[in-house]
Amino acid sequence: GQQLNQSPQSMFIQEGEDVSMNCTSSSIFNTWLWYKQDPGEGPVLLIALYKAGELTSNGRLTAQFGITRKDSFLNISASIPSDVGIYFCAGRRTTGANNLFFGTGTRLTVIP
Amino acid sequence: GAVVSQHPSWVICKSGTSVKIECRSLDFQATTMFWYRQFPKQSLMLMATSNEGSKATYEQGVEKDKFLINHASLTLSTLTVTSAHPEDSSFYICSAESGGQPQHFGDGTRLSIL
């Protein structure tokens with residue numbers, strides 16, 4: 001199936017720094033989701049976006065649904081060690097179809 | 001929040017045996033459940049989508065007879081890897097959704113075939 005292009009592939013940052021990652025697609029999506037996956041576990045939903053241009057926050061996390069509907073970004077402010085993990089974006093094309101298309105993932109390492 | 005339970009979390013078995021993985025939605029009725037496969041350092045790849053009481057829809061390249069999916073109730077779906085071989089070793093993850101809400105994932109099952 002189709003995968004979304006996610007960048008960067010990996011990041012090494014100092015604790016306290018802000019993080020930004022994005023996801024792009026050649027197709028339009030009606031829903032963008034951001035998940036975090038810890039080693040050996042399933043992905044956990046962080047933020048869901050449903051409208052083009054929507055900007056949503058969840059604590060130190062902020063995500064935006066691109067106006068073209070072909071991209072989304074996730075920002076993490078003031079990173080902490082427990083932010084370590086793999087972050088995946090996922091898009092869904094229509095409300096009638098359930099399939100999620102996942103990004104390639106961004107592996108985040110936070111150096112204390 | 002929505003909770004999806006997956007069992008077992010880890011299984012090791014001999015080549016040729018069949019392995020069943022269960023996925024349960026604990027506090028909601030899942031209209032649709034999904035099964036994914038994830039190789040190390042890679043993203044999730046959708047294997048199949050199943051709706052309660054109907055046959056699963058498999059993604060291209062996924063063998064229906066190899067990966068049997070049963071979705072007998074709104075809270076339970078099972079994936080059976082039949083006659084498993086070492087190349088079937090992987091991390092299998094299920095997810096469930098209801099009413100257009102985002103998918104919630106189980107904690108995955110690590111399958112190792114010797």
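The values are calculated or read from the model by the stated rules, or taken from the named source; none is laboratory data. What you see is a predicted model, and the numbers here were worked out from it, not measured in a lab. Here the Cβ is made from the backbone with ideal geometry for all residues, glycine too, and neighbour counts use every protein chain on show.
Tabulated data for the structure shown
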{"item": "Filter pass, A:Leu100 being closer than 15 Å to A:Asn22 by Cβ and either among the aliphatic types (A, V, I, L, M) or buried (at least 18 other Cβ atoms within 10 Å of the Cβ) (or both)", "result": "no"}
{"item": "In segment B:35-75, the residues that are among the basic types (Lys, Arg) and closer than 24 Å to A:Glu41 by Cβ", "result": "B:Arg37, B:Lys41"}
{"item": "Failed criterion for A:Phe65 (all others in (1) within 13 Å of chain B (Cβ to nearest Cβ); (2) touching a Lys or Arg at 6+ places or on another chain (Cβ under 7 Å); (3) surrounded by 18 or more Cβ atoms within 10 Å (Cβ to Cβ); (4) within 23 Å of B:Gly99 (Cβ to Cβ) hold)", "result": "(1)"}
{"item": "Selection count where residues are closer than 22 Å to A:Gly40 by Cα and away from chain A (no Cβ under 12 Å), scope segment B:19-34", "result": "7"}
{"item": "Hits in segment B:49-73 - residues which are over 25 Å from B:Leu114 (Cα atoms) and touching a Ser or Thr at 6+ places or on another chain (Cβ under 7 Å)", "result": "B:Thr49, B:Ser50, B:Asn51, B:Glu52, B:Ala56, B:Thr57, B:Asn70, B:His71"}
{"item": "Candidate set from segment A:11-62 (those that are among the aromatic types (Phe, Trp, Tyr) and surrounded by 14 or more Cβ atoms within 10 Å (Cβ to Cβ)); member that is farthest from B:Phe91 (Cα to Cα)", "result": "A:Tyr50"}
{"item": "Count of residues meeting criterion [in contact (Cβ under 8 Å) with a residue 12 or more places away in the chain, among the small types (Gly, Ala, Ser), in a loop (DSSP other than H, G, I, E, B) and closer than 23 Å to A:Ile28 by Cα] in segment A:61-112", "result": "2"}
{"item": "Residue within segment B:47-66 that is among the polar types (S, T, N, Q), farther than 21 Å from A:Leu33 by Cβ and buried (at least 21 other Cβ atoms within 10 Å of the Cβ) present", "result": "no"}
{"item": "A:Pro8 being modelled with pLDDT of 95 or more, of a type outside the set (Phe, Trp, Tyr) and either in contact with a helix residue (DSSP H, G or I) (Cβ under 7 Å, 6 or more places away or on another chain) or loosely packed, with under 15 Cβ neighbours inside 10 Å (or both)", "result": "yes"}
{"item": "Listing of strands (runs of 3 or more DSSP E) fully contained in segment A:1-46 that carry 3 or more residues being over 23 Å from B:Glu59 (Cα atoms) and in contact with a Ser or Thr (Cβ under 9 Å, 6 or more places away or on another chain)", "result": "A:10-14, A:19-24"}
{"item": "Residue ID - nearest to B:Gly100 (Cα to Cα), chosen from residues in segment A:47-57 that are in a loop (DSSP other than H, G, I, E, B) and of a type outside the set (A, V, I, L, M, F, W, C)", "result": "A:Tyr50"}
